Amino acid sequence: MPSSVDAAAPPLAGLSLLVRVKLRALCNRVSSAIAEAPVRFFATALCMALVWLGLYFLFRAIFIYLKQSPLEAAVAIPMVFSFFFVALLAMLTISNAILAYVSLFLGSEASYLLTAPVSPRAYVSLKYLETLVFSSWSLVLLGLPLMLAMAEISNEPWFYYPLFLAFFLGFVPIPGALGLVIAWATARFLNRALRRRLTLAAGVVGTFCVVLFVQSVQVNEQEPNLWLNEVLFRLNFIQSAVLPSAWVSRGVQHALQNNIDDALGYLMVTIANALFLSMIAVEFVSARLPVAFDRAASLRGGDARPTRSPAGGPAGWVFFYLPLRMRLIAVKDLRTFCRDPLQWTQLVILFGLMGLYLVNVPRFSNSLAPLEGWGMIIPYLNFGAISFILATFTSRFVFPLVSLEGHQMWLIGMVPLTPRRLVAAKFAFAMTVSVSVAVSTTVLAAIMLKMPLGWAVMQISVMTAVCAGLCGLAVGIGARLPMFGERNAARIANGLGGTVNLIASVTLVLAMLGGMGAIGVRNVHRGFDGPVDGVSLLIASLVACGGLTAGGVAMLLGARHLRRLEI
Amino acid sequence: MQAAIDIQGVHKQYGEKVAVADLTLTVAPGELFAFLGPNGAGKTTTIKMICGLLHPQRGTVRVCGHVMGVNGLAAKARIAYVPDQPFLYDKLTGREFLHFVAAMYRVDSAARDRLIADFLARLDMHDFLDKLTQSYSHGMKQKLVLAAALLHDPDVLVIDEPMVGLDPRTVRMVKDLFRERTRAGRTVFMSTHTLEIAEAVADRIGIIHHGRLVALGNLAELRARAATQHTLEDIFLQLTNPLAGDADHAVER
């Protein structure tokens, strides 16, 4: 051994050293965030606090409503808890599996630590702890407001709070351990093609099951009790005693009923199982890590793809109206989008959930019918939800498009294409994706609500203007405040320009929602009866013009900045 | 004498593609070995097998007598690997990173501080060592990872493209550092596309092509094999000519 190395000590870096360096990096991250961008840091903290408070008041209102009827509360509150924890179990297992796979097998840190004398157990334990911390967002964001709201309306004793926290901390490692083993199995046994097929099959089967379940519990207006019984019977499996979510759910309910002994009993069961599963999972994966890492690294190359004409194929047809050079850029961006699951899955999930809700809108109609003005409120809320989802997409994925071209400077600086055309090509791509999801969701909403043609056309037109406004803002501000040195799209989106774009996008959506709200208020009594009146049409036109103008001005400013830019 | 790196009959393939075919290669202590080859020839796969990141489907890799995959941790304690895209924790300062590496390899604090002071002077890292590594240029990162790799005085240094991004003064200094290490009995296994560097500093050169070692020896032996008195570049181009058959070039063992 070299002279400077302590020969008496075993040449292994332990978990404590790895955790210490991670904590050091975290401290540096926080202090540099406060020092370099204090406004952004505190604005983010404020937004999180507002979201948290919003959730707290939402849960509080739900529990107060449920408490009004003791019978409903006795049935519904345990169901709410069971649903919550079983959903948490599923979500955390999936998110832990993804996080564990990425941190164990991908990235340069994995390669670095595995060439150092770090024991596989320490390495796997570190990654396991990291995934647990990352996935515990649900505790902070959802769990705390839910439990605090419950405790407040039930006037719970003091010990409820630490007990509830202990339940959460005891629960989180269970899906974490399952996720760790799934990540290992994915690396060990599934190649890229098989993984893709399995994901697709799981998506299809999952959607089919949800649709089948929703179809099977049709609302029975004549016999609501029968219907409720049937729903509860079908959902009874989520309270099964073999599910960890049921232990936590029952323990929390015992605590709520001041039944401390039973609550502690369930807590012990949860913690014992969590520790046991964690130990088994870490030992199992540690012992088999090298082979799984080898498999994952060996299959990382990617599949060969058929060569298509740079501006041809289906992607080229979509942009048939653009001149060749602009079409080339738009096609490149569309292909990149389609080949990046991070981008399209987010859109599919958000708009898929929206679509699922819209398909079920007619079921709520009968219940809401007695409420005056519901016919105007529901489309308005739909419009708002679609617009905000779209704003999230454009801020995260469209805004960084121009900055990411900084690494191919020839595209911005050398290719004989004016900045205005470059910006327009980016806009064409963003608009194509946005319109195809947002407008089709708006059309679905109009069909489900049996909206008259005139009103539907008005909504669709304003939604198209929302798309144009948001895409224009994202592309324009992306060109005006680019971050050319950065390759990471998430960092670009979180930078100064990204923050400005997010604020501008949210402001635009709120302004347009204000206009659409005014139309709703005007027509709250008559609903969709009759044609669109002149004033509503005028307001809708002004709203649409506002969106188009905001997007257009941003793009002009962005293009002008690019023209003057020295890269 | 025990070999620093001993690769025996190693075979590795990704699906249908053979990355390394029956590779046998021995590198002695105190030797500076340059590993050359065209893109996709199998250099990085070989390096990753030496470092224990990938496992051969056949054959064995030994580092300082330890079989990688059987006694991998003992081997890893005596090896250092500097990849072409070095990894750094971007929210640590350079000094914090060096302290972390030293702790990982159990270098005592007195030796650590002495070595850091030495690297600080030799690699001219004063201006940036206490800044977060996220602000470093490629050259600064290269200097830092090189210092980190040498902190525990490894018996074997495996380095991929060591000179990319370094200024001429640092290139010269790194060459001197490699020579110092080999004089002290340590081994340097270097993969590079910069043939002039290999020609200038390497004791022996291996050329891999399509996963097979097509040439092995010092510069004079390679010239003899290629029947030319020209530069390493000419030899390399001749031996890796895509129009020539691979089997004819496979090195005889």
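Considering only chain B, what is the antiparallel percent among its DSSP beta bridges, to the nearest 5?
Approximately 55 percent, going by the DSSP bridge assignments.
Is the shape of chain A best called rounded, prolate or oblate, per the rule: a/c under 1.5 gives rounded, else a/b larger than b/c gives prolate, else oblate, with a ≥ b ≥ c the square roots of the Cα gyration tensor eigenvalues?
Because a/c hits 1.5 or more and a/b fails to exceed b/c, chain A counts as oblate.
Nearest 10 degrees, 0 to 90: what angle lies between the long axis of helix B:138-150 and the longest principal axis of chain B (Cα atoms)?
90
Along Cα→Cβ, 7 Å out, is where each label goes; now give me the distance between the ones at A:L496 and A:L324 in nm to one decimal.
4.0
Nearest 10 degrees is fine. How inclined is helix B:109-122 to the longest principal axis of chain B, computing both from alpha carbons?
Approximately 70 degrees, to the nearest ten.
So what is the calculated 222 nm ellipticity per residue for chain A, using -39500 (n - 2.57) for each DSSP H run with n of 4 or more, over all residues, to the nearest 500 deg cm²/dmol?
-26000 deg cm²/dmol
Between A:L556 and A:N360, what length comes free when the chain is fully extended (0.36 nm per residue of separation minus the Cα-Cα distance, one decimal in nm)? Can you show the working numbers first?
Details: separation 196, 0.36 × 196 = 70.56 nm, distance 4.18 nm.
The span from A:L556 to A:N360 would gain 66.4 nm if fully extended.
Show the residues, 5+ positions off or on another chain, whose built amide H is closer than 5 Å to the amide H of B:D160.
The answer is B:V82, B:D84, B:S191.
Packing-wise, with mean Cβ within 10 Å as the measure, how do B:112-123, A:164-175, A:37-48, B:63-74 rank, highest first?
Top to bottom by mean Cβ count within 10 Å: A:164-175, B:63-74, B:112-123, A:37-48.
Please list the non-local residues whose amide H lies under 5 Å from the amide H of B:Y14, H modeled 1.01 Å from N, same-chain partners needing a gap of 5 or more.
The list, which skips near neighbours in sequence, is B:A19.
Per residue of B:66-75, count partner chain C-beta atoms within 10 Å of its C-beta, then hand back the mean as an integer.
Shielding by partners across B:66-75 averages 2.
Over 20 Å between C-alpha atoms is what I'm after, so list which of B:K48/B:K175; A:K127/B:K12; B:K141/B:K175 land there.
B:K48/B:K175; A:K127/B:K12
When chain B is modelled as a GNM with alpha-carbon springs shorter than 10 Å, which of B:R181, B:R58, B:R169 fluctuates the most?
With Cα springs under 10 Å in chain B, the top fluctuation among B:R181, B:R58, B:R169 is at B:R169.
Averaged over peptide A:474-484, how many Cβ atoms belonging to another chain are found within 10 Å of each residue's Cβ?
0
Report, to the nearest 10°, how far helix B:94-104 tilts away from the longest principal axis of the Cα atoms in chain B, using its own Cα long axis and a range of 0 to 90°.
Long axis of B:94-104 versus the principal axis of chain B: about 70 degrees.
Within 10 Å of each Cβ in peptide B:87-94, how many partner chain Cβ atoms are there on average? Round it to a whole number, please.
5
Set the Förster distance to 51 Å, then compute FRET efficiency between A:F484 and A:I153 from the Cβ-Cβ distance, nearest 0.05.
Here the calculated transfer efficiency is 0.45.
Counting only DSSP beta bridges with both residues in the protein assembly as shown, what percent are antiparallel, rounded to the nearest 5?
55
Over chain B, what is the relative contact order in whole percent, taking alpha-carbon pairs under 8 Å and six or more residues apart?
For chain B, the relative contact order is 25 percent.
So what's the gap between the Cα centers of the stretch A:75-110 and the stretch A:128-190, to the nearest angstrom?
If we compute the Cα centre of each part, the gap is 9 Å.
Give the peptides B:22-32, A:392-402 in descending order of average Cβ contacts within 10 Å, highest first.
So the order, starting with the most tightly packed, is A:392-402, B:22-32.
In Å³ and rounded to a whole number, note down the convex hull volume per residue for the Cα atoms of the stretch A:15-298.
169
Give the distance, in whole Å, between the Cα centre of the stretch A:425-465 and the Cα centre of the stretch B:106-181.
58
If I model a spin label as a point 7 Å beyond the Cα along the Cα-Cβ vector, how far apart are those points for A:E36 and A:Y161 in nm?
Reported label-point gap for A:E36 and A:Y161 is 3.6 nm.
Calculate, in nm to one decimal, what A:A43 and A:D262 gain on full extension: separation in residues at 0.36 nm each, minus their alpha carbon distance.
In short, 74.6 nm is gained.
Explain nothing, just compute: Karplus ³J(HN,Hα) = 6.51 cos²θ - 1.76 cosθ + 1.60, θ = phi - 60°, for every residue of the stretch A:102-111 in order, whole Hz, x for Gly and Pro.
So the J values, rounded to whole Hz, are 4, 7, 7, 10, 10, x, 6, 5, 4, 4.
Taking amide hydrogens as modeled 1.01 Å from N in the peptide plane, which residues meet the under 5 Å criterion relative to B:R58, leaving out close sequence neighbours?
B:H11
Would you work out if the stretch B:85-190 is rounded, prolate or oblate? Take a ≥ b ≥ c from the square roots of the eigenvalues of the alpha-carbon gyration tensor; rounded if a/c is under 1.5, else prolate when a/b is larger than b/c, oblate otherwise. If you can, show how the numbers build up before the last one.
On the way: a/c = 1.56, a/b = 1.12, b/c = 1.39.
Taking the square roots of the gyration eigenvalues as a ≥ b ≥ c, the stretch B:85-190 is oblate.
Order of B:7-15, B:203-211 by packing, highest average Cβ count within 10 Å first?
Ranked by mean Cβ neighbours within 10 Å, highest first: B:203-211, B:7-15.
Using alpha-carbon pairs under 8 Å, 6+ residues apart, how would you state the relative contact order of chain A in percent? Provide the component values of the computation, followed by the final result.
Values: 587 pairs, mean separation 77.7, N = 567.
Answer for chain A is 14 percent.
Readers should treat all values here as calculations from the given coordinates under stated rules, not as data from a laboratory. Being a predicted model, the structure only gives us computed values, none of them experimental. Reconstructed Cβ throughout: ideal geometry from the backbone, glycine too, with neighbour counts over all protein chains shown.
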